[in-house]
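Heads up: the structure comes next, in structure tokens.
The values are calculated or read from the model by the stated rules, or taken from the named source; none is laboratory data. Just so we're clear, the structure is a prediction, and the values are computed from it rather than from any experiment. Positions of Cβ are backbone-derived with ideal geometry, glycine not excepted, and every protein chain shown enters the neighbour counts. To get the accessible areas, we keep the full protein, side chains included, count just its heavy atoms, and leave off ligands, DNA and RNA. Shrake-Rupley method; radii C 1.70, N 1.55, O 1.52, S 1.80 Å.
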Amino acid sequence: MSDAPIEIAADKTALKELKAARKGQIAAVTVRMKEQRRAVKAIKAQLDGAELTVPEIAAATGLPLSEVLYYVATLKKYGEILEGPKDGGYYRYRLGQAPAPAAEGDPAE
């Protein structure tokens, strides 16, 4: 006979202890993720049908300028927003098409 049931029980106990020890960290990360989703949603809502600069987006959303710049740079990197013409010292941004996920393999092969 094997000791598999004993090992599984020990693993479950260890996992429960780890989750209990990190409960505060998990809750804090969950809150931060929700804030990020809300911020990205607000930025995209402002850019829906408009071209705005980072300061204009920050003013419209009420988010700090540095936070808006971070999200705009990230969204631009992943193709969700596009950089438009320069307006004074700032570029104007608009919504773009999110890139399609890469296929694992070509079905035609």
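First select every other residue whose beta carbon is under 15 angstrom from the beta carbon of Gly96; then total the charges, Lys and Arg +1, Asp and Glu -1.
Here the charged neighbours net out to +1.
Evaluate the charge dipole of the chain about its Cα centre and quote only its size in Debye, nearest 20, assuming +1 on the Cβ of each Lys and Arg and -1 on the Cβ of each Asp and Glu.
Rounded to the nearest 20 debye, it is 620 debye.
Calculate what fraction, in whole %, of the accessible area of the chain sits on carbon and sulfur atoms when a 1.4 Å probe is rolled over the protein chains.
58
For Glu35 and Lys86, FRET efficiency with R0 = 25 Å and r from the beta-carbon atoms, rounded to 0.05?
Taking R0 as 25 Å, the efficiency between Lys86 and Glu35 is 0.25.
Please give me the summed charge of the neighbours of Gly62: other residues whose Cβ is under 14 Å from its Cβ, Lys and Arg +1, Asp and Glu -1.
My count for the surroundings of Gly62 gives -1.
Can you list the residues, at least 5 places off or on another chain, whose amide H is less than 5 Å from the amide H of Thr53, using H built in the peptide plane?
Tyr93
Sort the following peptides by mean Cβ neighbour count (other Cβ atoms within 10 Å, averaged over residues), highest first: 19-27, 77-85.
Most protected by this proxy first, the peptides run 77-85, 19-27.
Working out 0.36 nm times the residue gap between Ala27 and Leu65, then minus their Cα-Cα distance, what length gain in nm do you get to one decimal?
11.1 nm
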